[in-house]
Amino acid sequence: ITPRYAEASDVYTLAIIFWEIVAREIPYKGVTDTQIIISAVKQGERLPIPGQADSRFSALIQKCWAPNPQ
């Protein structure tokens, strides 16, 4: 069985890539896949946006990983 993914998961992934660019870190370093699924997907938790992020870039990240993809 092939898992199905929606476009929303691609947009969320883009937010993580943007976060990596700003933070210059590996996201969720030392955290298991299961922990990420529980915190990010089920509980809606997000990584803290680094303080050096431009406010417009920060807003874009927040829009991309918003719980409601609309």
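Results, tabulated for the structure shown:
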| read-out | value |
| --- | --- |
| On Cα atoms only, tilt of 7-23 relative to the major axis of the chain in degrees | 30 |
| Semi-axis lengths (Å, descending) of the ellipsoid that matches the C-alpha gyration tensor of the chain | 21, 15, 11 |
| Coil-residue chymotrypsin sites (Phe, Trp or Tyr not before Pro) of the chain, DSSP, other Cβ within 10 Å capped at 13 | Tyr5 |
| Electrostatic dipole magnitude of the chain [Cβ: Lys, Arg +1; Asp, Glu -1; Cα centre; debye, to 20] | 100 |
| Low-density loop cleavage sites - trypsin sites (Lys or Arg not before Pro) in the range 1-53, where at most 13 other Cβ are within 10 Å (DSSP) | Arg4, Arg24, Lys29 |
| The range 24-39 - phi-based ³J(HN,Hα) in whole Hz, Karplus 6.51/-1.76/1.60, Gly and Pro as x | 6, 9, 8, x, 6, 4, x, 10, 6, 4, 4, 5, 5, 4, 5, 6 |
| Taking the chain and dividing mean pair separation by its residue count, relative contact order in percent (alpha carbons under 8 Å, at least six apart) | 46 |
| Accessible surface of the chain [probe 1.4 Å, protein heavy atoms]: carbon and sulfur percent | 56 |
| Å² per residue, accessible surface of the range 24-65 at 1.4 Å | 77 |
| Sparse-neighbourhood loop sites, GluC sites (Glu not before Pro) in the chain - DSSP loop, at most 11 other Cβ within 10 angstrom | Glu25, Glu45 |
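The values are calculated or read from the model by the stated rules, or taken from the named source; none is laboratory data. Note that the structure is a prediction, hence the values are computed from the model and not measured. Positions of Cβ are backbone-derived with ideal geometry, glycine not excepted, and every protein chain shown enters the neighbour counts. Note: areas computed on protein heavy atoms with side chains; ligands, DNA, RNA excluded. Shrake-Rupley method; radii C 1.70, N 1.55, O 1.52, S 1.80 Å.
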